[in-house]
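Notes follow the structure.
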Amino acid sequence: MAQQEILLILLYITFFELILFLINQTESGRKFLSKIGLEISIFTILIKKRGALDLLNKVQKKRWLDILISSGVLIAFISMILFYVGVFFVGIGYVISFIKNMFLGERGVSGAPPVAPIIPGLTIQGEDIIYLLVAIGISVVAHELGHAIAAKIDEINLKSYGAGIFLFMPLAFVEVDDNEMLKSKRKSLRILSAGVLFNMIIFAISFLLILFILNITPYLGIVQGAVIQWAEPGLPAYEAGIRPGLLITNINDSRIISLERFIEYRNNYFKPDENITLIIKGVYPNGTMLEAVVHKPSNLSIIGVRFDGVSIPLVNFFMGALIIPEEKGYIRLWSLEAFIRILVWLSIINISLAIINAAPLYITDGGKILSIILPKKLSDVIQILTITGFILIFSFSFFSFL
C-alpha cells in the first residue's frame, strides 16, 4: 500500500470524525449517537460502557495474579528511574548541546535525539503506519486492562470502560471509583502501577519473540536473503540489468544468498575509491536467473541498490527479507515479516508507554504515584521541573526530524 493511499485513508477517518462531531451538535443527533452507545467530541469517538467489566470476575481468586500486580509497584519505580536515566538526564545534555550548536554558533555534535517522535506521515512512513496503529491499539488496551484487573483484585468498583479513536489513534480507558481507591494508598499504588506493569509484560513478550524467531529461523531453512528492493536508475547496478526482487546468490566466485554474507563480502572486498567489476548472479521468485556484470568506477562509492526486508529507521532496526531458497527461485515469507514488524512496533510502543507513564508528568500514572507518596508541595516541584524538561527535550528532538 502506497504512502499516499495510507494518508488518504487517515484523512477519510478524520473527515468521518468531523461529520459525527457536527451531527452531535444537534439534539436529535446526540440522542441518536447516545442510543447506539457513542460519545462524540472534536475528532474523538468513544464507545463507553458503564458499570463493572464482568469478564474479570474470575481474576479475584488468582493468587499468582495478585502477586504479579504487587510487583507492578516495583516495575513502575524502575520505569521512572529509566525515564530519568535514559531520557531526562541524557536529554538535558542533548538540549544544551543543541542550543550551543544552533544558537550560539559553537561547533559540535549534539548526538542522537533521546526521544524519537512517533508521528504518522512524518517520522513514520508507508505501511508502518498501519502496523504502528495496530500496535498502539493493543498497547493501550493492555495498559487499561492492567488498571482494570488491579481494581478488580482490590475490590475497587469500575465506573465505566470503553474504547475509541482520537484522530486516527486508538484509545482505551477504564474509569475507577476514585473515592474508593484513595481510601488505601496501597491499593492506589497497585492500581496506578498496573498499567505500566502490563506494558512492560507486552514489551518483554514481544522482544523475546523477536529474538526467538530470528534465532530459530535458520534451523528451519529460512534465511535473511540479499533481496533487492530498489535499484537507482543511472547507477551501475541498474545499468547492468538488476531489478527489484532479485535474490543475490553469487558475487564473483563467492556464494552469497544471505544479507549477512553480502555485508561481509562488501566489507572485505568492496573498495569505494577503486574501479571494481562485480559478476553478480541471482534469481527472481519465479525462477528467472540473472547474471549481471556491474562496473563501479572509482568516482562512485556505491553501485546503487537497496535491500528489502523489515526496516524501522526510527530505532535502527533492519532485518533482511525472510526467504526459503528453492532449486528454482525462492519463497518470500511475507506473513512472518509482517508478524515481526508488528512485534517490533509492540516493543517500541510498550516500552515507551511504560517509561513515559511512569514519569512524574502530572497527567501520567507516575505523577499520580508521586502525589500519593510525597508531600504535595514537593511532588508539585518535581513534576513541574520534570514536565518542563520533558517538553524541551521532546521539542528539540522533534526539530532534528524535520
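Could you line up Val90, Val140, Val227 from fewest to most neighbouring Cβ atoms inside 10 Å?
Numbers: Val90 17, Val140 21, Val227 24.
Listing Val90, Val140, Val227 from fewest to most nearby Cβ atoms yields Val90, Val140, Val227.
Could you pull out every one of the aspartates and glutamates with an alpha carbon less than 16 Å from that of Lys62, ignoring same-chain neighbours closer than 8 positions?
The qualifying aspartates and glutamates are Asp54, Asp154, Glu155.
When a footprinting reagent is the concern and you count Cβ atoms within 10 Å, what order do Trp345, Trp64, Trp230 take, fewest first? Could the numbers behind the result be given before it?
On the way: Trp345 27, Trp64 7, Trp230 13.
Arranged by neighbour count, lowest to highest, Trp345, Trp64, Trp230 become Trp64, Trp230, Trp345.
Tell me, how many Å apart are the Cα centres for region 155-202 and for region 249-271?
With region 155-202 and region 249-271 each reduced to a Cα centre, they are spaced 52 Å.
PRE reach from Gln4 (point 7 Å along Cα→Cβ): which of region 129-171 fall under 17 Å by backbone N?
none
Quick one: if the Förster radius is 22 Å, what FRET efficiency do Tyr219 and Asn250 give, using the C-beta to C-beta distance and rounding to 0.05?
Values: r = 24 Å, r/R0 = 1.09.
So, using R0 = 22 Å, E works out to roughly 0.35.
Can you compute the FRET efficiency between Glu127 and Glu239 using 1/(1 + (r/R0)^6), with r the Cβ-Cβ distance and R0 = 22 Å? Round to the nearest 0.05. Could you put the intermediate results ahead of the total?
On the way: r = 30 Å, r/R0 = 1.35.
After rounding to 0.05, the efficiency reads 0.15.
Order these by the 10 Å Cβ neighbour count, fewest first: Ile78, Ile149, Ile251.
Details: Ile78 15, Ile149 24, Ile251 21.
With the fewest neighbours first, Ile78, Ile149, Ile251 line up as Ile78, Ile251, Ile149.
Of Lys159/Lys376; Lys58/Lys187; Lys31/Lys159; Lys49/Lys377; Lys183/Lys377; Lys35/Lys159, which ones are farther than 29 Å apart at the Cα?
Beyond 29 Å between Cα atoms: Lys49/Lys377.
Mind checking the full-extension length gain between Val293 and Glu155? Use 0.36 nm per residue of separation minus the Cα-Cα distance, one decimal, nm. Don't jump to the answer; show the numbers that get you there.
Values: separation 138, 0.36 × 138 = 49.68 nm, distance 7.25 nm.
Gain on extension, Val293 to Glu155, equals 42.4 nm.
Would you mind calculating the gained length between Ser71 and Leu18 on full extension (0.36 nm times residue separation, minus the Cα-Cα distance), in nm to one decimal? Don't skip to the answer; put the middle values down first.
Working: separation 53, 0.36 × 53 = 19.08 nm, distance 4.26 nm.
Length gained, Ser71 through Leu18: 14.8 nm.
R0 = 35 Å: FRET efficiency of Leu11 with Arg266, Cβ-based, nearest 0.05? Intermediate results must be reported in sequence, preceding the final value.
Working: r = 41 Å, r/R0 = 1.18.
With R0 = 35 Å, the Cβ-Cβ based efficiency is 0.25.
Name the residues whose placed amide hydrogens come within less than 5 Å of the amide hydrogen of Ser258, ignoring near sequence neighbours (fewer than 5 apart) on the same chain.
Ala226
Viscosity 0.692 mPa s, temperature 37 °C: Stokes-Einstein D of the chain from its Kirkwood Cα radius, in µm² per second? Could you put the intermediate results ahead of the total?
On the way: Rh = 24.8 Å.
My calculation gives 132 µm²/s for D.
How long is the gain from Thr44 to Asn275 if the chain were fully straight, where each residue apart is worth 0.36 nm and the alpha carbon distance is subtracted? Before the final figure, lay out the partial values.
Details: separation 231, 0.36 × 231 = 83.16 nm, distance 5.92 nm.
Using 0.36 nm per residue and subtracting the Cα-Cα distance, I get 77.2 nm.
Readers should treat all values here as calculations from the given coordinates under stated rules, not as data from a laboratory. Remember, it's a predicted structure, so these values are computed and weren't measured experimentally. Glycine also receives a Cβ, built like all others from the backbone with ideal geometry; neighbour counts cover every protein chain displayed.
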